[in-house]
Structure formats: structure tokens, C-alpha cells
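Novice: I'd like to ask some things about the structure below.
Where a number appears in this text, it was derived from the coordinates with a stated rule and is not lab data. All of these numbers come straight from a predicted model, not from anything done at the bench. Neighbour counts run over all protein chains shown; Cβ positions are idealised from the backbone, glycine included.
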Amino acid sequence: MDRHHILELYHWTSGTCFRHPAKGEVPTAHVKTIRPAAGGIQDIRACTDCVVGMEAHRQAAAEGAGLPYRPGAGAGE
Ligand SMILES: [Zn+2]
């Protein structure tokens, strides 16, 4: 699946990327909702580069023949 098709799967609105806040307002997609212990809801939004990167991770995990997906645990394997 190429970048264009991945991006088509998401709904894009202007916002701040959770990994690239220095970019300011950019096209972002909602990727997660966090419910802080203090209450309320915090939406996590990601820019196009981050969404493509996350999907690449998911694809690699799925191709791992049933191995569990461990975010951030793949380094050094
Ligand atoms: Zn980003």
C-alpha cells in the first residue's frame, strides 16, 4: 500500500502533530484518544509523515506471521 492510499484512509483536519509540535498547524489525523486520570479527553493527532510511519510498523507486524506487535521493541532484533 503506497503513501497516497494510506493517507486516503484517514480524515485530515488542521491541527498539531503530537510528535512534531514545532511544525505548528499542519494537516493531521486523529490516531488516538487518551483519557487522563485527571479527567476529560485528550485527542492525539499525527501529521502525514507520522501516520505513514505508524502504518508501516503495523504492516511489518502483520507480516510477522502471528508475532505479537510490540511498539518500540523492535530495535536490535
Ligand atoms: Zn508528525
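Novice: For a quick check of your reading of the model, give me the residue pairs whose first member lies in the range 43-60 and is under 12 Å from T16 (Cα atoms), whose second is within 13 Å of the ligand (Cβ to nearest atom) and among the small types (G, A, S), with beta-carbon atoms closer than 7 Å and at least 6 apart or on different chains.
Specialist: R45/G15; R45/A29; A46/A29
Novice: Give the range 5-31 a look and list any residue that's charged (D, E, K, R) and either away from the ligand (no atom under 13 Å from the Cβ) or at positive phi (or both), or say none. Can you show your working first?
Specialist: Initial filter on the range 5-31 (charged (D, E, K, R)): 8, 19, 23, 25.
Answer for the range 5-31, where residues must be charged (D, E, K, R) and either away from the ligand (no atom under 13 Å from the Cβ) or at positive phi (or both): just E8.
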